[in-house]
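Heads up: the structure comes next, in C-alpha cells.
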Amino acid sequence: MQKRYQIVEGRVAESAEDTAPIIVFSCPDTDEKRYMTECLKIDEHTLASALDPDELSRLEFEPEHVAMIVKRPKNYSGAEQFMFRVNSMGIFLFKDRLIVVVADNDPLFEGKPFIALHSLVDVALKLIYRSIFHFLEHLKVINMVTDELEDKINASMENRFLINLFSLEKSLVYYLNAIHTNGVLITKIRANMNKMGIDVQQSEYLDDITVENDQCYKLAEIYSNVLSGLMDARVSIVSNNLNVIMKTLTIITLGIMLPTFVVSSFSMNVPMPLSKESPVTFWLIMGLAFVSGAIALVYWRYKKFW
C-alpha cells in the first residue's frame, strides 16, 4: 500500500496528487516492489534490507539517490508476551522525491518532530529523529513494566514473571544493537553532508540527533545492566528461598521422627522395662518423647540451624 504526502506550511500532509514528492510504501506487494526496482532504480537487495527486521542500519550512495536503512522499534502488542522487537525502515532520498519503505502500517509523520519542514532532507532527518524518540518511549515503557513485574515477583515467586523478565532483557539486547547501528548511520551522514546537500542549519539539527541517539543508547544500556543484575538477584533469591524451605521441612521431619521413634520403641511386641499395667507408663513414655524433641530443638538452636 502506498500513500503520497507533500510539505504544506512546514508540515507533512497527505496528498492525492500523483506529483506529491513524498511516497510511503507500507508492506509493499510484488507490483510495488517491481515499480521501485524498475522505475525508481532502487537496488533490489537494499529494498529487501528495508523490509528485513534483522538488517543493520547503513548508508549507501546510488547514482540517482541516497539509500538509508534505519532501525525503529516495532509497535508492541499483547501477543508478544513482553517481547519488544525491532523493524527496519528504508529512506531513499532523490533530488525531487523521498521514498519511504516500511514493513508495517504504523503512522510515520505524527508528533512534535514534524514541524518547521522546508525540504525533503528535513523530512529524512526528522524520520531518523522520530525513530530515536520512539526508542526512548519504549524504554520508558520497559522500565515501567519491569517495576510492575518486580512487585509481582515479590508477592508471588511464579515462573511466568521471571520468564517475562527474561523477555524484557532479550528485548533490551536487540534495542542496544539497533540504537548502536543507528549511531553508525548518523556518523556516516555527518561524514557525507556535502554529498547529501545538508546545509548549516540541518547540520546543527544532525548534531542534536547525535546527542539524542547517544543518550538513548546510554539509557538502554543502563536499563539492560539493571535488568541483568535484577535477574541474577531474583534467581539467587528463588534458590535461597528453596533452600530455606527444604531446611525447614528437614527440621520439622527430624523433630517428628525422634518422638515417634521413642513411642514406637515402647510399642514393640517384645519385653520392655516398663509395665503396661502401671498408671504412669503412658505419661513417662510421652515425657521421654517430649524430652527427645526438646533436646533436638536445643541442639539446633545451639548450632544455629534454625
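Structure above, values below:
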quantity: Loop GluC sites (Glu not before Pro), region 147-197 (other Cβ atoms within 10 Å of the site Cβ: 13 or fewer; DSSP); calculated: GLU158
quantity: Length added when fully stretched, ALA191-MET257, from 0.36 nm per residue minus Cα-Cα; calculated: 15.9 nm
quantity: Zone of LEU176's modelled label, taken as backbone nitrogen in region 220-236 under 15 Å from a point 7 Å along Cα→Cβ; calculated: 220-232
quantity: Charged-residue dipole, Cβ positions (Lys, Arg, Asp, Glu), region 2-240 about Cα centre, Debye nearest 20; calculated: 220 debye
quantity: Cα centroid separation - region 71-135 against region 212-245, whole Å; calculated: 30 Å
quantity: Label-point separation, PHE166 to MET246 (7 Å along Cα→Cβ), nm; calculated: 2.0 nm
quantity: Tilt relative to the chain, helix 281-302 - C-alpha long axis, 0 to 90 degrees, to 10; calculated: 40 degrees
quantity: Highest average packing first - 225-235, 135-145, 184-194, 62-72, Cβ atoms within 10 Å; calculated: 62-72, 135-145, 184-194, 225-235
quantity: Dipole moment magnitude, nearest 20 debye, region 1-88 about Cα centre, only Lys, Arg, Asp, Glu C-beta charged; calculated: 420 debye
quantity: Positive dipole terminus of region 2-240, leading residue within THR46, MET144, ILE23 (C-beta point charges); calculated: MET144
quantity: Cβ-placed point charges (K, R +1; D, E -1), dipole of region 96-137 about Cα centre in debye, nearest 20; calculated: 140 debye
quantity: Mean residue ellipticity (222 nm) of the chain, computed from DSSP H runs ≥ 4 via -39,500 (n - 2.57), nearest 500; calculated: -20000 deg cm²/dmol
quantity: Among THR181, ALA103, ILE115 - extreme Cα towards positive end, dipole of the chain, charges at beta-carbon; calculated: THR181
quantity: Separation of the GLU221 and ARG58 label points, Cα + 7 Å toward Cβ, nm; calculated: 2.5 nm
quantity: Cα-projected label distance for ASP147 with MET83, points at 7 Å along beta-carbon direction, nm; calculated: 2.7 nm
quantity: Calculated FRET value between ALA20 and GLU44, using beta carbons and R₀ = 30 Å, to 0.05; calculated: 0.75
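Quick note: the coordinates plus some simple rules give every number you see, no bench work behind them. As the structure is a prediction and not an experimental result, all values here were calculated from the model. Quick reminder, even Gly has a Cβ in these numbers, built from the backbone with ideal geometry, and neighbours come from all protein chains shown.
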